[in-house]
Amino acid sequence: MLLFYSKVILEIDGNNSIYYMYNEVDDIIGFKYNNEVYYYIKNGQNDIIGILDNNYNKIVEYVYDSWGNILEIKDNSNNNIGLINPFRYRSYYYDNETKLYYLNSRYYNSLWGRFINCDGIIIQNKSLSGLNLYMYAMNNPINMFDRDGNFSLGNLWKKVKSFCKKTIELPVKVAINGMAEITGAVGLSNASNLLTNSLENKPKNKKYGNNSDIVKKIKSSPEFKDTIKDVINNNKNSYLYNRCVTIRFDEDKDLKLALHNATMCVSGQINDNSTDLLITIRDRYDYEYWNYRVDKGILTTIINNYAWMFQEMGIINEYDVVIDFDYIVNYN
C-alpha cells in the first residue's frame, strides 16, 4: 500500500493493482483496477452506494444500515469488483479481513457502533457523552459524521463554519497575508509562497522543477543527502524504480515550514562511477489537528490548530505540491 500522508494512493496484490482517484478537494471519486476505470456513486452522507464502469453502467450497489453495517452487495460485474473495492460507508476504508473501518486516526467497528481504541481528545464537549472516548458520531450516525476519528460533526457544525467563514474570512486572510510577507522577508520565500497560495478559493497545485529555489535548498539539505544515500545502499539492483520513502525536513526552516514531511520517490540507473536519478517529492499542503505533545510545544500546537480550524472553514485551502528534478551522485 502506498500512502500520501493518510490518503491511500495505490495498492498492489500480486498481479493486481488499484490506483485511487481523488478530486480537487481531496474526496475520493473512483479507482483504476488494473486497466479498467471505475467511478463511485455517493449519497448525501458521503456513503459509496454504487460503482459505475467506464461506460457509466451501474455494476455494483451497496446497502448499509445507519451504523455502516453492510446489509447487501449487489454485484453485476464479472470480476467481483464490489468486494475488491475497499471504500464503503461514509467513504471510509473497509478491511474485509478484520471487518473494521479505518478513519485515519483509529478503527471503527460498525457491529459495536464504537471505535476499538480511545479518542486522543479527552473531552469533545460539555455533555456526559463527550467523556465516552470510544463513541462514534455522538451515538447519532444519521445526523452526525466523523471525518477522521477525532471529531463528530453534524449539520450545526456546517452552519457554524459557513457563518464564521463569511464573518472572519477577510480579516483572517489579511492577517495571514501579512504573516506570509514577513515570512518571505526573513528569507523563508518558499514557505511564504505556499502559504499565500493556500488563501486562494481554488488554489492551483504547485509544481517545481530543476532550476527552482526550493530544489536548490532540497539538494543541499542533509536530510535529502542522507535519504539518497540510504536508498542507494539498500538497493540490490542496478536500477532503482520508483522507490518511495518519507522524508522529513528539520534543518532548513524554509523547507520545514514549506514541506516538513513529504513523500520522495527515486528512480534511476546505478553506474560504476555515478548514479543518475530522477527525484519526485510530493506533499499535501494541509494542516491536521494536533493533540498537545511536549516535543511540539504548546505555542506551536495552538498555531497549528488555529490553521487547521481556518482550513476546516475553507479560509485556508489544501492543494498538492509536486517537485521533480534530476540528481547525479558521483563516486569520484
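At-a-glance table
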{"item": "Segment 38-96, residues that are assigned to a helix (DSSP H, G or I) and surrounded by 14 or more Cβ atoms within 10 Å (Cβ to Cβ)", "result": "I81, G82, I84, Y89, R90, S91"}
{"item": "Any chance Y19 is out of contact with any Cys (no Cβ under 6 Å at 6 or more places or on another chain) and either surrounded by fewer than 15 Cβ atoms within 10 Å (Cβ to Cβ) or modelled with pLDDT of 85 or more (or both)", "result": "yes"}
{"item": "Selection status of E181, of a type outside the set (A, V, I, L, M), in a helix (DSSP H, G or I) and within 24 Å of E288 (Cα to Cα)", "result": "yes"}
{"item": "Answer from K225, K202 - the residue that is in the same structural domain as V174 (by TED's automatic domain parsing) and modelled with pLDDT under 85", "result": "K202"}
{"item": "Number of positions in segment 27-36 that are surrounded by 14 or more Cβ atoms within 10 Å (Cβ to Cβ) and either out of contact with any strand residue (DSSP E or B) (no Cβ under 7 Å at 6 or more places or on another chain) or over 24 Å from I316 (Cα atoms) (or both)", "result": "4"}
{"item": "Residues satisfying the stated conditions in segment 288-332, i.e. of a type in the set (S, T, Y), modelled with pLDDT of 70 or more and surrounded by fewer than 15 Cβ atoms within 10 Å (Cβ to Cβ)", "result": "Y306"}
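Here is a yes/no grid of residues against (1) without any contact (Cβ under 8 Å) to a residue 12 or more places away in the chain; (2) under 26 Å from Y306 (Cβ atoms); (3) over 25 Å from the mean Cα position of the chain (by Cα):
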| residue | (1), (2), (3) |
| --- | --- |
| A175 | yes, yes, yes |
| G178 | yes, yes, yes |
| S189 | no, yes, no |
| E200 | no, yes, no |
| N210 | no, no, yes |
| D213 | no, no, yes |
| D250 | no, yes, no |
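The values are calculated or read from the model by the stated rules, or taken from the named source; none is laboratory data. Just so you know, these numbers come straight off a predicted model, no measurement behind them. Positions of Cβ are generated from backbone atoms using ideal geometry, with glycine treated the same way; all protein chains shown enter the neighbour counts.
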